[in-house]
1. Taking the Cα atoms only, what angle lies between the long axis of helix A:159-179 and the longest principal axis of chain A, rounded to 10 degrees?
2. Using only Cα atoms, what is the ratio of the radius of gyration of region B:74-157 to 2.2 N^0.38 Å?
3. Using only atoms on other chains, find how many Cβ atoms lie within 10 Å of each Cβ of peptide A:34-46 and report the average.
4. Counting pairs of alpha carbon atoms under 8 Å apart in space and at least six apart in sequence, what relative contact order in percent does chain A give?
5. Could you give the angle, 0 to 90 degrees to the nearest 10, between helix A:22-35's Cα long axis and the longest principal axis of the Cα atoms of chain A?
6. Binning at 10 Å from 0, report for the protein assembly as shown what percent of all alpha-carbon pair distances ends up in each bin.
7. Please compute one quarter of the surface area of the Cα convex hull for region B:1-86 and express it in square nanometres.
8. So which residue, out of B:48, B:152, B:143, gets the largest mean-square fluctuation from a GNM of chain B using Cα contacts under 10 Å as springs?
């Protein structure tokens, strides 16, 4: 059933390249955190605002009365606050960088996935959708994501955030090993 | 003016964040997957540097009264379970929530499909919240604690150790990568 071909995939067809050092980028995010803390009193984070916005999409699915009555969204109602506008900014900035650097490109199935699971777009879309469900449920249960826990919480030396980082990386390593195991 | 700033400010902050994520290549699914496969250390380089640089600055800002800590609750069981699910989701999806938003804007269609999964995940969490709150969030709930509080080891020592540890690790990674590159020719 499984193909045993070891395909070496060259990064062909990539027009633009970015040569920024990851340490420079990390320093930039660190300094951005200073501004977020001191200037706005609102550390970098994504999923808290994301779940506020999700209530918009929940209304047509479970009905707006159910959304209004839900105790989670009562504690976290949809409002256009700092976090939600921050979310709007992320794709804008990424788009700007991609256009300027020439790294914008349509991607249906990423190379690493294609190497292991083949070129099926449907297969990749189903996995992305399911992975999306699991990652967001986990983020809300843990109270944050790679940004809110990983970076903002990590830099505050928060116990919760370092537990998050350790468990997240350990689990990721195991799952990745299973998923990319040569069949 | 204040209302304009309360919108333009966060949009600008988000845009700088998204710009940096894209410049750092961490909006690439390949880069994230290869971090967990230990073939590409970009994600750890970016996060490690951000934590050390950000943390030392924020520590000084707190000490000089310019900001305060915004620590999340250490509901140990919920954080551990959530982080485990997060690790599974991150490898299957190939993104984390923030990098996914950047990836969508740089042309990744599968990231956009996964974003609808993330919306579904957020809805499922809201629907299960009452049960989770009663049974999971309250287990080993230690509150908003920081490592210096529970260990008695001061902040400065933590950051010195983190900076030295991360620095040594990055030197080793760079040396191994240079060696692998030479071997490749």
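1. 30
2. 1.42
3. Taking all residues of A:34-46 together, the mean is 6.
4. 28
5. Its long axis makes an angle of about 10 degrees.
6. The percentages, shortest bin first, are 5, 24, 35, 25, 9, 1, 0.
7. Dividing the Cα hull surface by four gives the mean projection, 8.2 nm².
8. It is B:152.
Quick note: the coordinates plus some simple rules give every number you see, no bench work behind them. Just so we're clear, the structure is a prediction, and the values are computed from it rather than from any experiment. We place every Cβ from the backbone using ideal geometry, glycine too, and count neighbours over all the protein chains shown.
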